[in-house]
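So the structure is just underneath, and the comments pick up after that.
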Amino acid sequence: MSWACARADSRLALLAFAAALAAAPAAAQQGVGDVVYVPTPQVVVDTMLDMAQVGANDVLIDLGSGDGRVVVTAAKRGARALGVELDRVLLMQARQLAEREKVADRATFREQNLFETDLSQATVVTSYLLPEMNLRLRPKILALKPGTRVVAHDYHMGDWLPDQRKDIDVPEKKVGNPGLSHVYYWVVPARVEGVWRGTAGDRAWEFAFKQRYQFVSGVVRSGSFAGDFERVRMIGEELRFRFGAGAEEREFVGRAANGVIDGKLVGKSRGKPVVERLTLKAANG
């Protein structure tokens, strides 16, 4: 993978860090682009793909694919994988690696600016980019299909908190945080912000959701009942939360997809569970 050099108007800390990268041992950049290439250690590559559970049903896109090791490793796990890179020397090395490992039918590489890459077919997106690059990419990634998995080496995405993080001892690593790598993992959440209404049994329900990335809170109303629930975490399209107390205590379990939130309300009557189907539609839909 590649790290992009900080632009002249970047913060001082990023400039200093980019200078440190430039001084580190790295493959010479002889193609198009303005990147400094630092390879991701293989132990980190394996951890990234493990966290995303990459397998034969996946389409992986690696942004700044360098010598191709992430793409080739994903292809060896059965995935179809694409690497995008501007350096032609690195692209040549990556294609040669795919041929040697006999995965050239599943591991492909494209000379392309990562900001111009169509990510819509990806089930997994991987990267090793400086924070400012991640922040530029974040809106595009959040617009992907809910459930798309995202894994980044060393750098997070600002206030979009990761769903998982792992710290790995890498003694041979000399840049960034020497000897230590951080791997961040996210699942793109569905969008549920707003008011949704539906009927379960003979009762009308209204849910007013507030959303901050994968974290959701809200207010529930039905007739004279009103209750709220604290921040819960969505995982892709999946939404689960509890609200109410006593006779009004319920759990909602559902999925947000195709413009509806479809699920079930689970409550109790005389000590026995009662399950009702509930399909919610946006109030302004």
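The values are calculated or read from the model by the stated rules, or taken from the named source; none is laboratory data. Because the structure is a prediction, the values reported are computed rather than measured. Note: ideal-geometry Cβ built from the backbone for every residue, glycine included; neighbour counts use all protein chains shown.
Determine whether segment 184-202 contains at least one residue that is out of contact with any strand residue (DSSP E or B) (no Cβ under 9 Å at 6 or more places or on another chain) and assigned by TED's automatic domain parsing to the domain that holds residue 223. Checked against the condition, which is being out of contact with any strand residue (DSSP E or B) (no Cβ under 9 Å at 6 or more places or on another chain) and assigned by TED's automatic domain parsing to the domain that holds residue 223, segment 184-202 yields at least one hit.
Please count how many residues of segment 53-104 are charged (D, E, K, R) and touching a Lys or Arg at 6+ places or on another chain (Cβ under 7 Å). Adding up the residues that qualify gives 2. Cβ-Cβ contacts under 9 Å between residues 6 or more apart (or on different chains), taken from a first residue in segment 101-119 that is under 13 Å from residue 74 (Cβ atoms) to a second residue that is among the acidic types (Asp, Glu) and assigned to a loop (DSSP other than H, G, I, E, B), are listed as 107/101. Filtered by the rule that a residue be surrounded by fewer than 24 Cβ atoms within 10 Å (Cβ to Cβ) and touching a strand residue (DSSP E or B) at 6+ places or on another chain (Cβ under 8 Å), segment 54-74 gives 58, 59. Of everything in segment 199-234 that is among the aliphatic types (A, V, I, L, M) and surrounded by fewer than 15 Cβ atoms within 10 Å (Cβ to Cβ), the residue that is nearest to residue 254 (Cα to Cα) is 204.
Of all residues in segment 50-91, those satisfying the criterion of being outside any strand (DSSP E or B) and among the basic types (Lys, Arg) are 69, 76, 77, 88. All of 7, 100 fail the test of being at pLDDT 85 or above, in the same structural domain as residue 121 (by TED's automatic domain parsing) and surrounded by fewer than 24 Cβ atoms within 10 Å (Cβ to Cβ), apart from 100.
Tell me, yes or no, whether segment 15-27 has at least one residue that is modelled with pLDDT of 95 or more, among the hydrophobic types (A, V, I, L, M, F, W, C) and part of a helix (DSSP H, G or I). Among the residues of segment 15-27, not one is modelled with pLDDT of 95 or more, among the hydrophobic types (A, V, I, L, M, F, W, C) and part of a helix (DSSP H, G or I), which makes the answer no. Residues of segment 108-134 that are of a type in the set (A, V, I, L, M) and farther than 18 Å from residue 91 by Cβ: 119, 122, 124, 125, 130, 133. Only strands (runs of 3 or more DSSP E) whose full extent lies in segment 136-195 are considered here, and the ones with at least 2 residues that are surrounded by fewer than 17 Cβ atoms within 10 Å (Cβ to Cβ) are 164-169. Scanning segment 112-135 for residues that are aromatic (Phe, Trp, Tyr) and either closer than 18 Å to residue 59 by Cβ or surrounded by fewer than 17 Cβ atoms within 10 Å (Cβ to Cβ) (or both) turns up just one, 115.
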